[in-house]
Each structure stands twice: as structure tokens, then as C-alpha cells.
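First up is the structure itself, then whatever we jot down about it.
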Amino acid sequence: MAAMGVLSVVLANSMGLFPLGPPPGWWEQLTWAVALSLPLVWRRTRPELATVVIAVVFIAAQARRSPETMVSSATLFIALYSLGAWGRSRRLAAGIRIGVIVVMFAWLAISALISILPVAPTFEGTSGPLPPLLALSLHSILFNLAFFLLAYLLGNSTWTSARRQHLLQVQAEELRRSRAAEAERAVTRERVRIARELHDVVAHHVSVMGVQASAGRRVLDKDPAKAKAALAAVEQSARTAVDELRRMLGVLRNAGATDLGGPGTDDHTGGYGLDQLDTVLRGARDAGLTVVYQTFGTPVPVPESISLASYRVVQEALTNTIKHARASTVDVRVRYLRRELEVEVSDDGRAVPTGWGRTSAGGGLGLIGMRERVAAHDGTLEAGPRAGGGFRVRARFPIAPAEPEVDDAATRAVEQGATA
């Protein structure tokens, strides 16, 4: 722009075109042309300063009647546009631009008065319907209004476009991070589910196998028949554990399977549920426990995921009774309440803290796994010592009532027995 300003000064002097009157000397004209353009160097880093300096130099150059007007007008346009596009403070940018525009119109009016009043123009050859002075004023006002308005609106448009682009980039980055975090959480949830299922499957059957193997070793010489029965129980538990492990591996190997996926869902039933409790109860009996199993209320269909979660809670509670409680009797109850399904496992063993966390405030993988399963279905879990001795695990799962309006004496009796 400085080079173009210098060229414009040379051409104006070569043509003898001096619209503002007799010009100053050559070096002053060149100085004004360069001084007007150089502030554009800071049009992005300091657009406010650049615009103010260019506006001041523009008026000073015209006051000195510098003949160069084309490049200087373009420079002022670029300065106003740059302030609108790059000004960090939108209020300050708007205030400076409006102030510069007002000052420019005031200077336009003053310069017009200075050039017209001393010499009364004749306006020869006019033929339009408007008075010549009015037409000249309207022409100058409309041209400058369009000039400054275009610079103002283009600057705002560029700033808005850049801001939208920036917001899109920020949102894309946030979305990418959100997806990465969600993928990491999904992997963590999947690992927790797999770990919980492995714990439930392996711990129960291995515990039963350990108890049976110990019993078989003790009676191997004294009672071969009992030893044989214990070994048969070990064999059956081993086969069951292998079958469940194969089922899990089949689910994990199937890339399209959703059996272990999805928040709020439990693992695939694989044929296990409340109707299969006899299997896990049989294992507890084979381990030497006296098992009492009771069902209260009218059985109603429950979702497979809740049925499996109930099965796993009973299985884990029995496993830990076998491993830690030193109990002789275990009581398993399933209650079909009006709006809930409740499973309860209580024993007569010791109620002291042990490896799995046999207190209501204790910890351990078994208790954590049960809490996760129950919480996934918006249920509640109670685990802790009971008043008469022993330990109790009670889980409640919300279910849709079969007949919401029924409230007979039998249902009330079952609900009262649930709190006993």
C-alpha cells in the first residue's frame, strides 16, 4: 500500500490533478503517502491503534491538500475492516469505528464548506431535476455512507465467520475428547462386567470343589463311598464351571455380541435365572450345608436380566457362606412382592469381617459385584450380621406389578414377612 501510495503521488503530479487545491512539496506528499500506509503493519495485532493513527494521518494529509486520495481511501477502508475483523474487544472495536466514521463525516462537511463558501460555484451545464448543490451534497454523503458502511459490515462478517469456525473447532475437539472418554469408560465397564462374571462363575464352583476335595481327602481311607461321592461332586462342579467359562468366552469372541454390553443391563442369562436356583442350591448341599429354600407370594414373570442378577446374588452369597461363614444351615428365600422381587440368603455362621467383607460396611470383590448388579437395576442391597447370629444378604429389585390395584390380605402378609 505504501508503494501504491507513492505511485499515486507520482501519477497525480504528472497529470497535474490536484482536486484539493495547490499541493505541498514532493517530499511532504511522499511522506504522507508512506505514513498513511505503514500502520497497516499492526492491523491484526493492534487494530485499534492502527485505525486511529490512519484516521488521524488521513485527515492531516487532506488538510495539507495532499493530492493522493485513492490509495489513502483504500487504506482507511482496510483499517476499518481490520478493526471489525480482528478487534478482541467488540465494544471497543465498535466504538472506535463509529467514532472514526462520525469524525470523517464531520471533516467531510467542514472541507466542503471550506471549498464552497469562499467561491460560489456556477455549476454550468446542469440539467437534472435537483439543485446542483443538493445533488453534490447527496452524492458525497451517499458515497461515503456506502464506503464506511461496507467497511463496517465486512469487518463484522469476517469476525463472526472466524468465531463460528473457532467454535466449531472447539466443539469438534470437545466431541473428540468426549468420545474418547466414553470409549474409555465403556472399556472399563466391560472389564468390570467380565471381572464380575468371572468372579461369580469361578469362585462359586471352585469353592465347592475345594470343600468337596477336602472332605474326600479326610474320608478317603475310612469311608471310600463318601470319598467317591465327594469326588463326583468335584467333577460335576468342574464341568459346570468349564461350561460357564466356555459360554463367557463364546460371548467375548463374538464381535457382534451385546450380552455383556450396555449400561443398565446385566450379563446374558445363558440359561441361568431364578428357575435354575436348584442347581446352585444342590452345590451348597453337596458342600455339607443344610439348605432351606422357600418361595413367598405368587410367582410372576420377571425380566431375564433381573432373574440372572437374583441368581448371581444367591450364588455369591452361598459361595461366601461356604468359604468364610463356617455355617451349618443356610436359608434362601425368594419373595414376590407387589412391586419388588426380593431374594434373601441368611446363615447361622459367624458374622465377623473376613475376606469378602462380611459386614454391612465391609468391602470385597463379592460384595462389590453384588452391589453393582443390584444397582444396575435400580435395586437395593443389604448385607450384614443379623440379630440372632449369622449373616444375611438381602437384595430387592423393582418390578412392574402384575395387578397394580390388588391389595389383598395374602399380599400384605407376604410384605410383612419380608421385613421380619
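The values are calculated or read from the model by the stated rules, or taken from the named source; none is laboratory data. This structure is a prediction, so every number in the text was calculated from the model and none was measured. Glycine gets a Cβ as well: all are built from the backbone with ideal geometry, and neighbour counts include every protein chain shown.
Looking only at the range 260-284, count every residue that is modelled with pLDDT of 85 or more and surrounded by fewer than 13 Cβ atoms within 10 Å (Cβ to Cβ) and tell me the total.
Qualifying residue count, the range 260-284: 2.
Would you confirm, using the coordinates I've provided, whether LEU38 is of a type outside the set (Val, Ile, Thr), at pLDDT 90 or above, farther than 20 Å from VAL103 by Cβ and in the same structural domain as LEU17 (by TED's automatic domain parsing)?
Numbers: of a type outside the set (Val, Ile, Thr): yes; at pLDDT 90 or above: yes; farther than 20 Å from VAL103 by Cβ: yes; in the same structural domain as LEU17 (by TED's automatic domain parsing): yes.
For LEU38, the condition - of a type outside the set (Val, Ile, Thr), at pLDDT 90 or above, farther than 20 Å from VAL103 by Cβ and in the same structural domain as LEU17 (by TED's automatic domain parsing) - is met.
Being at pLDDT below 80, assigned by TED's automatic domain parsing to the domain that holds GLN236, within 33 Å of the chain's Cα centre (by Cα) and more than 22 Å from ALA195 (Cβ to Cβ): is that true of ALA351 here? Outline the logic, then answer.
On the way: at pLDDT below 80: yes; assigned by TED's automatic domain parsing to the domain that holds GLN236: yes; within 33 Å of the chain's Cα centre (by Cα): no; more than 22 Å from ALA195 (Cβ to Cβ): yes.
Here the answer is no, as ALA351 does not meet what is asked.
Restricting attention to the range 211-228, report how many residues are part of a helix (DSSP H, G or I) and either among the charged types (D, E, K, R) or without any contact (Cβ under 8 Å) to a residue 24 or more places away in the chain (or both).
The initial filter retains those residues of the range 211-228 that are part of a helix (DSSP H, G or I), namely 211-219, 224-228.
Cutting the leftovers down to either among the charged types (D, E, K, R) or without any contact (Cβ under 8 Å) to a residue 24 or more places away in the chain (or both) gives us 213-214, 216-219, 224-228.
Total meeting the criteria: 11.
Would you be able to say whether some residue in the range 17-29 is at pLDDT below 90, outside any helix (DSSP H, G or I) and aliphatic (A, V, I, L, M)?
Among the residues of the range 17-29, at least one is at pLDDT below 90, outside any helix (DSSP H, G or I) and aliphatic (A, V, I, L, M), which makes the answer yes.
Filter the range 287-311 down to the residues that are among the small types (Gly, Ala, Ser) and within 30 Å of ALA230 (Cβ to Cβ), then identify the one that is farthest from the chain's Cα centre (by Cα). Explain how you work it out, then say what you get.
Our first condition is that a residue be among the small types (Gly, Ala, Ser); within the range 287-311, this holds for 287-288, 297, 305, 307, 309-310.
Going one step further and asking which of them are within 30 Å of ALA230 (Cβ to Cβ), we end up with 287-288, 310.
Details: ALA287: 49, GLY288: 52, SER310: 33 Å.
Selected residue: GLY288.
Any residue in the range 101-122 that is within 26 Å of THR51 (Cα to Cα) and assigned by TED's automatic domain parsing to the domain that holds VAL56 sitting within a Cβ distance under 6 Å of a residue that is at pLDDT 85 or above and β-branched (Val, Ile, Thr)? List the pairs, counting only those 6 or more apart or interchain.
Close Cβ pairs satisfying both conditions: TRP107/ILE59.
Just to confirm my filter: which strands (runs of 3 or more DSSP E) fall fully inside the range 286-352 and include at least 3 residues that are out of contact with any His (no Cβ under 8 Å at 6 or more places or on another chain), of a type outside the set (Val, Ile, Thr) and crowded, with 20+ Cβ neighbours inside 10 Å?
Of the strands (runs of 3 or more DSSP E) lying wholly inside the range 286-352, those with at least 3 residues that are out of contact with any His (no Cβ under 8 Å at 6 or more places or on another chain), of a type outside the set (Val, Ile, Thr) and crowded, with 20+ Cβ neighbours inside 10 Å span 340-347.
Residues to consider are ALA257, ALA238, ALA225; find the one that is modelled with pLDDT of 80 or more and under 48 Å from the mean Cα position of the chain (by Cα). Talk me through it step by step, then tell me what you get.
Values: ALA257 fails: modelled with pLDDT of 80 or more; ALA225 fails: under 48 Å from the mean Cα position of the chain (by Cα).
The match here is ALA238.
Just one of (1) in a helix (DSSP H, G or I); (2) among the polar types (S, T, N, Q); (3) modelled with pLDDT under 90 trips up SER66, so point out which.
Going through the list (1) in a helix (DSSP H, G or I); (2) among the polar types (S, T, N, Q); (3) modelled with pLDDT under 90, SER66 breaks only (1).
Here are SER89, SER73, SER66: which of them is surrounded by 22 or more Cβ atoms within 10 Å (Cβ to Cβ) and assigned by TED's automatic domain parsing to the domain that holds TRP26?
Details: SER89 fails: surrounded by 22 or more Cβ atoms within 10 Å (Cβ to Cβ); SER73 fails: surrounded by 22 or more Cβ atoms within 10 Å (Cβ to Cβ).
It is SER66.
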